[in-house]
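This report refers to the structure that appears directly beneath it.
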Amino acid sequence: MALSERTRRELEAARAKFEGTLAANRELVRETRREIAELAERARREKAEERIDEKFQEAARSGAAGPDMKRIQEQVDRGKLTWDDVFTGRADPAYTSVVRRATVGLQRAVELGRLEAPEPPPGGRHR
């Protein structure tokens, strides 16, 4: 059974449209996969930063980072200031100076593996 010329043109047009749509969908899938990978990497970095922040606060709270850091952490725990205030200089400049000195030592300890960020408990964040 032979196809009419009109039917053959319609089939070719439909095939071309399908192939164009398929190519566009494949590109969309590639783009979506790239975005997912970027988001996963961002989430991994944020999780690592949270663990470092938690370890930093733990060291300050316990006094391991020194008595000045412990006093600042107590102020943070009481809600009287935030670490952001301290790091950006919006808090008492003496606090900012203490923290800048202490963070150099803490960062070095993390780099040397002497102060490890804690692993989160299964299924959740630290409390």
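The values are calculated or read from the model by the stated rules, or taken from the named source; none is laboratory data. Everything quoted here is computed from the prediction, not taken from an experiment. Reconstructed Cβ throughout: ideal geometry from the backbone, glycine too, with neighbour counts over all protein chains shown.
Would you call Glu31 of a type outside the set (A, V, I, L, M), under 23 Å from the mean Cα position of the chain (by Cα) and at pLDDT below 95?
Numbers: of a type outside the set (A, V, I, L, M): yes; under 23 Å from the mean Cα position of the chain (by Cα): yes; at pLDDT below 95: no.
No, not satisfied.
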Q. Out of curiosity, is Ala40 on the phi < 0 side of the Ramachandran plot and assigned to a helix (DSSP H, G or I)?
A. yes
Q: Give segment 81-96 a look and list any residue that's within 27 Å of the chain's Cα centre (by Cα) and either in contact (Cβ under 8 Å) with a residue 40 or more places away in the chain or over 15 Å from Gln57 (Cβ atoms) (or both), or say none.
A: Thr88, Gly89, Arg90, Ala91, Thr96
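If you go through segment 57-86 one residue at a time, how many are in a helix (DSSP H, G or I) and aliphatic (A, V, I, L, M)? Even if it seems obvious, please write down each step before you answer.
At the first step, the residues of segment 57-86 found to be in a helix (DSSP H, G or I) are 57-62, 67-77, 83-86.
Filter again for aliphatic (A, V, I, L, M), leaving 59-60, 69, 72, 76, 86.
Counting residues in segment 57-86 that are in a helix (DSSP H, G or I) and aliphatic (A, V, I, L, M) gives 6.
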(Q) Give me the residue from segment 82-127 that is among the β-branched types (Val, Ile, Thr) and in contact with a helix residue (DSSP H, G or I) (Cβ under 9 Å, 6 or more places away or on another chain) and, out of that set, modelled with the highest pLDDT. (A) Thr82
